[in-house]
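The values are calculated or read from the model by the stated rules, or taken from the named source; none is laboratory data. These numbers were taken from a predicted model, which means no experiment stands behind them. Virtual Cβ from ideal backbone geometry, glycine too; neighbours counted across all protein chains shown. These area figures cover heavy atoms from the full protein model, side chains too; ligands, DNA and RNA do not enter into them. Shrake-Rupley method; radii C 1.70, N 1.55, O 1.52, S 1.80 Å.
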Amino acid sequence: MDLRQLKYFVRVCELKSLTRAAEQLYIAQPALGFQIRKLEEELETQLLIRHSRGVEPTPAGLVLLERASHLLEEADETKATVRGFAGKPRGKVSLGMAPSFGYEFATQVVVRCLNELPDVSLSLVQEIGPTLVEWLRADRVDLACLGPLHESGFVAEPLFTHDLCLIEAAANERSGRGPIPFAEVLMNPLILPSTHLGLRARLETLASDAGLPVNAVCETQSDALAFELVAQSVGATINTHTAVRQRVEEGKLIARPIIEPVIAIDAVIAYKERQTLSQAAMAVRSLVERMVQEWMPRMVGIWRPSAAQ
C-alpha cells in the first residue's frame with residue numbers, strides 16, 4: 001500500500017466512478033481498477049461496491065477513506081514544510097495572541113511580518129490563554145503568545161514579565177490613582193473572565209489565601225467587552241497595563257498596579273513540544289522575540305525582562 005494507491009482510492013470514492021476518476025487522474029481505467037484490486041488484496045477485504053450507477057465504499061472502505069484522506073493531507077503538509085527550508089521562509093503560519101499583549105503590539109507584529117517576511121502568510125487571532133492552549137493542542141495555531149504556561153507537552157520560551165493592574169474608568173470620580181493593595185482591589189465590583197483557569201484561577205487562589213471574597217458582578221470572556229464596561233463605570237477589571245495602554249494614553253481608563261502582593265505575569269511564546277516548526281513559523285517566532293527586545297526600552301515600568309531569561 002503506497003500513497004499513490006491511496007490517492008487513487010480517495011479520488012474514486014469522491015467521484016463515485018472509476019471512469020471519471022481515471023479521467024481526472026490521467027490513468028487508463030483498467031490500470032486504475034487494477035490498483036484498487038491490489039489494495040483490496042493487500043488489505044484482504046472488499047473496499048468498493050460496484051453497481052450500475054458507479055461505485056461506493058463498503059464499511060471497511062469508509063474507514064480507509066477517512067484515514068487515507070488524513071494521511072494524504074499530512075503528506076502534503078510534510079512536503080510543504082520540508083520544502084519550506086529551501087530559500088526564504090515561506091508558507092502559512094497561525095499565531096495566537098492573548099489580549100494581555102495589547103492591540104498595538106499585535107498590530108505591529110502583522111505589519112512587521114508583511115514587511116520583513118513577505119512570503120509568509122500570517123494569520124493572527126487574539127483569544128484568552130486557556131483557549132489558546134486548547135488550540136495549540138489541537139493544532140489550530142502553530143504558535144501562541146500568552147501568559148504563564150504550566151501544562152506539559154509544550155515548549156514555552158520567556159518573552160517578558162509584567163504586573164497585573166486594577167483597570168478603572170478615568171471618568172469615574174471614585175477611581176483612585178497610584179498603586180492599590182490587593183485587599184482593596186477585592187472591595188471593588190469586578191468584571192472578570194468566567195473561566196476558572198488562568199487569571200481567574202490565580203485571583204481566586206490569592207483571595208482565598210487572604211480569606212477574602214471575590215466580588216465578580218459580571219463575567220465575560222471578552223477583554224474588549226470588559227474594558228468597555230469599565231469605561232461605562234459598570235465596574236473595574238484586572239488585567240495588564242499592556243492590554244489597556246492605548247486607552248490609558250487616550251485618558252479613557254486608569255491602570256493602577258496591584259501591590260501587597262505584586263501579581264507578576266510571565267509572558268511566553270509557546271508551541272507543541274513534539275512539533276517540528278516550519279521555517280516560516282520559526283521566522284515568526286524570531287520576529288516576535290526580536291520585537292519584544294526592541295520594545296523593552298519604550299515599555300519601562302510596564303515590561304521587564306523575565307526571570308527565566
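Within a straight-line Cα-Cα reach of under 21 Å, Lys38 can be paired with the following lysines, leaving aside sequence neighbours fewer than 8 residues apart in one chain: Lys7, Lys16. Taking a straight line from the alpha carbon of Lys272, these lysines sit under 25 Å away, with near neighbours fewer than eight places off in the same chain left out: Lys79, Lys88, Lys92. Principal axis analysis of the Cα atoms in the stretch 126-230 yields extents of 46, 30, 25 Å, listed in decreasing size. Taking the inverse of the mean 1/r over every pair of distinct Cα atoms in the stretch 150-309 gives a Kirkwood hydrodynamic radius of 17.1 Å.
The alpha carbons of the chain stretch over 83, 42, 32 Å along the principal axes, in descending order. Rolling a 1.4 Å probe over the protein heavy atoms gives the stretch 198-309 an accessible area of 49 Å² per residue.
Using a probe of 1.4 Å, the accessible surface attributed to Met1 totals some 110 Å² when neighbouring protein chains are kept in position. Projecting label points 7 angstrom from Cα along Cα→Cβ for Ala31 and Ser152 puts them 5.1 nm apart. Accessible area per residue (1.4 Å probe, heavy atoms of protein chains only) ranks Asp119, Asp163, Asp76 as Asp76, Asp119, Asp163, with the largest value leading. For the stretch 67-77, 3J(HN,Hα) computed residue by residue from phi via the Karplus equation (6.51, -1.76, 1.60; θ = phi - 60°) reads 6, 5, 4, 5, 4, 5, 5, 5, 5, 5, 5 Hz, glycine and proline entered as x. Each of the GluC sites (Glu not before Pro) that DSSP puts in a loop and that has at most 16 other Cβ atoms within 10 Å breaks the chain; the longest unbroken stretch is 45-150.
Across all directions, the average projected area of the convex hull around the alpha carbons of the stretch 1-89 is 6.5 nm². What the Kirkwood sum gives for the stretch 1-160 is a hydrodynamic radius of 19.3 Å, with every pair of different alpha carbons counted.
Axis of helix 3-15 versus longest Cα principal axis of the chain: the two differ by about 90°, to the nearest ten degrees. Taking each residue as 0.36 nm, the span from Thr107 to Val300 lengthens on full extension beyond its C-alpha to C-alpha distance by 67.5 nm. Computed over the stretch 43-101, the convex hull of the alpha-carbon atoms projects to a mean area of 8.5 nm².
Ligands, DNA and RNA left out, the accessible area of the chain computed with a 1.4 Å probe is 52% carbon and sulfur. Mean projected area of the convex hull spanned by the Cα atoms of the stretch 101-149, taken over all viewing directions: 3.7 nm².
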